[in-house]
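The values are calculated or read from the model by the stated rules, or taken from the named source; none is laboratory data. Since the structure is predicted, the reported quantities are computational estimates derived from the model, not experimental observations. Virtual Cβ from ideal backbone geometry, glycine too; neighbours counted across all protein chains shown. Ligands, DNA and RNA are excluded from the accessible area calculation, which covers all protein heavy atoms including side chains. Shrake-Rupley method; radii C 1.70, N 1.55, O 1.52, S 1.80 Å.
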Amino acid sequence: MGNIKTRCVIIGGGDCSVELLKLNISTDDYIICADSGYDIAVEARIQPDLVIGDFDSVKGFVQNVDKITLPVEKDVTDCLAAYNEGVKRGFTKFLLLGGTGGRFEHTFANVSVMANASKDGNEFRIIDDKHIFYAITDSSIRISFSPNKQISVFAFGDKAFGVTEKGFHYSIENYTLNPFIPIGISNDIVSDFGEISVEKGTLIIIETQM
């Protein structure tokens, strides 16, 4: 009897080391490679459950794995298509590796996918060697203290109302964050944990290891 898959991990074609993959992937994960993310999985000797994309940038030959081929001209990115496939398979928790680095517009597009997942009520994180990205919508989150970690918080898409940050060097309560004014950058947790909440709106939260 096989393991029950509890989380969907998407491997993108951005910056991603073999060490990062092995550190963050477990046998409980359903793995989708988005296009050239397949090459990264092959290098790490990780067998994906599904490969999806238009395959315009894959170097190796996709074999012995389920594959969905997308048209080159399409209305979704490969990462969004991978997320949508994960939702179809019943997943509510997602992790994107290889989602940053390289072309900035690709990173920004992946952050947009993450925000969309948050609005859907799903958990979606992006991890690279220095950052953890996540989003919350009309909810709250706790972040544990660790040395040399800074937290940045941005409103995404529109103003975020009723934003409260407790346990930080710069604390706010019932604040309206404007997406055009990056006041929430580079904050420090000064307690055992920091708590961030938003009454209405979507926040992008970035942990940076300094």
Original post:
If you check SER26, SER17, SER36, which single one turns out to be over 16 Å from PHE124 (Cβ atoms), surrounded by 19 or more Cβ atoms within 10 Å (Cβ to Cβ) and among the polar types (S, T, N, Q)?
Top reply: SER36
Original post:
Does segment 110-121 hold any residues that are open to solvent by 30 Å² or more (accessible area, probe 1.4 Å) and under 16 Å from ALA155 (Cα atoms), and which are they?
Top reply: SER112, ASN116, LYS119
Subject >> Of the criteria (1) at pLDDT below 95; (2) small (Gly, Ala, Ser); (3) under 16 Å from ARG125 (Cα atoms), which one GLY86 fails >> reply: (1)
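If a residue has to be aromatic (Phe, Trp, Tyr) and either in contact with a Leu (Cβ under 7 Å, 6 or more places away or on another chain) or in contact (Cβ under 8 Å) with a residue 60 or more places away in the chain (or both) to count, how many in segment 69-110 make the cut?
At the first step, the residues of segment 69-110 found to be aromatic (Phe, Trp, Tyr) are 83, 91, 94, 104, 108.
In the following step, the residues that additionally are either in contact with a Leu (Cβ under 7 Å, 6 or more places away or on another chain) or in contact (Cβ under 8 Å) with a residue 60 or more places away in the chain (or both) were identified as 83, 91, 94.
Qualifying residue count, segment 69-110: 3.
Run down VAL163, VAL198 and say which single residue is more than 19 Å from LYS149 (Cβ to Cβ), surrounded by 15 or more Cβ atoms within 10 Å (Cβ to Cβ) and over 20 Å from the mean Cα position of the chain (by Cα). First the steps, then the outcome.
Values: VAL198 fails: over 20 Å from the mean Cα position of the chain (by Cα).
Going through VAL163, VAL198 in turn, the sole match is VAL163.
Does ASP78 satisfy being among the charged types (D, E, K, R), open to solvent by 20 Å² or more (accessible area, probe 1.4 Å), at pLDDT 90 or above and within 24 Å of MET114 (Cβ to Cβ)?
Values: among the charged types (D, E, K, R): yes; open to solvent by 20 Å² or more (accessible area, probe 1.4 Å): yes; at pLDDT 90 or above: yes; within 24 Å of MET114 (Cβ to Cβ): yes.
Considered against the rule, which asks whether it is among the charged types (D, E, K, R), open to solvent by 20 Å² or more (accessible area, probe 1.4 Å), at pLDDT 90 or above and within 24 Å of MET114 (Cβ to Cβ), ASP78 comes out as yes.
Just one of ILE143, ILE127 is within 23 Å of GLU19 (Cβ to Cβ) and either at pLDDT 95 or above or under 16 Å from the mean Cα position of the chain (by Cα) (or both); which is it?
Values: ILE143 fails: within 23 Å of GLU19 (Cβ to Cβ).
The conditions single out ILE127.
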Subject >> Subset tally (residues that are of a type outside the set (Val, Ile, Thr), part of a strand (DSSP E or B) and closer than 18 Å to ASP78 by Cα) for segment 99-156 >> reply: 2
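Mind telling me which of the residues GLU85, GLU73, GLU19 ends up being under 22 Å from ASP129 (Cβ atoms) and among the charged types (D, E, K, R)? Spell out how you get there, then give the answer.
Numbers: GLU85 fails: under 22 Å from ASP129 (Cβ atoms); GLU73 fails: under 22 Å from ASP129 (Cβ atoms).
So the residue among GLU85, GLU73, GLU19 that is under 22 Å from ASP129 (Cβ atoms) and among the charged types (D, E, K, R) is GLU19.
Only one of these is closer than 24 Å to PRO147 by Cβ and touching a residue at least 60 places away in the same chain (Cβ under 8 Å): ILE172, ILE205, ILE185. Name it. If you could, list the steps in order and put the result at the bottom.
Working: ILE172 fails: touching a residue at least 60 places away in the same chain (Cβ under 8 Å); ILE185 fails: touching a residue at least 60 places away in the same chain (Cβ under 8 Å).
Only one candidate passes the filter, namely ILE205.
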**OP:** Only residues that are of a type in the set (A, V, I, L, M, F, W, C), more than 8 Å from GLY194 (Cβ to Cβ) and in contact with a Ser or Thr (Cβ under 9 Å, 6 or more places away or on another chain): list them for segment 137-153, please.
**Re:** ILE141
**OP:** Please go through segment 41-75 and pick out each residue that is at pLDDT 90 or above and open to solvent by less than 20 Å² (accessible area, probe 1.4 Å).
**Re:** ALA41, ALA44, PRO48, LEU50, VAL51, ILE52
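For (1) β-branched (Val, Ile, Thr); (2) crowded, with 16+ Cβ neighbours inside 10 Å, each residue gets a yes or a no:
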| position | (1), (2) |
| --- | --- |
| ILE132 | yes, yes |
| PHE145 | no, no |
| ASN148 | no, no |
| ASP158 | no, no |
| GLY167 | no, yes |
| ILE172 | yes, yes |
| LEU177 | no, yes |
| PHE180 | no, no |
| LEU203 | no, yes |
